[in-house]
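Taking it in order: structure first as structure tokens, then the write-up.
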Amino acid sequence: MCADTPETPASETPDYKDTLNLPRTEFPMRAGLPNREPGWLDRWERIGVYDRLRERAEGRRPFTLHDGPPYANGNLHIGHALNKILKDMVVRSQQMMGRDARYIPGWDCHGCRSSGRSKSSTARRGRTRTRST
């Protein structure tokens, strides 16, 4: 604290939420996403949100974004998140502009560099790769 500022005991510090002019809402203080998201996904599945979106877009000019293999270039980093967010924005904006927009996710296959990287990192740790059947 500054030399000329008197120390204020914790019991006397003002409750700043009472000084704000905020609306009263029923929203919880915490979103609780890990607990609430499964319920949202179940509801969307039950009411067929994606199916209705596909039905409404039928006959429109198509737009398809084919994504490449996920995370094939090393360890995950913030650029991967940015990449997925930007692709999502492109597909959503195309859908809102009247196109039949679809996102086709890619997958990592045995021919990608990441497969070799996985094998070499497993070998460095002295393990062998086994297939489960």
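Would you work out the charge dipole size for the range 25-97 about its Cα centre, treating the Cβ of every Lys and Arg as +1 and the Cβ of every Asp and Glu as -1, and quote it to the nearest 20 debye? Spell out each step's value before the answer.
On the way: 12 positive and 9 negative charges, 37 e Å.
About 180 debye.
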Looking at the square roots a ≥ b ≥ c of the eigenvalues of the Cα gyration tensor of the range 6-97, which shape do they give, rounded for a/c under 1.5, prolate if a/b is larger than b/c, or oblate? prolate
Quick note, the range 28-78: a/c under 1.5 would make it rounded; otherwise a/b > b/c is prolate and the rest oblate (a ≥ b ≥ c, C-alpha gyration tensor); here it is oblate
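Sorting check: for 46-56, 18-28, which peptide has the highest mean count of neighbouring beta carbons within 10 Å, and how do the rest follow?
Values: 46-56: 10.5, 18-28: 5.9.
The densest-packed peptide leads the list: 46-56, 18-28.
Read the figures in this text as sums done on the coordinates, not as results from a lab. Predicted, not measured: the structure shown is a model, and the values here were computed from it. Cβ atoms come from the backbone with ideal geometry, glycine included; neighbour counts cover every protein chain shown.
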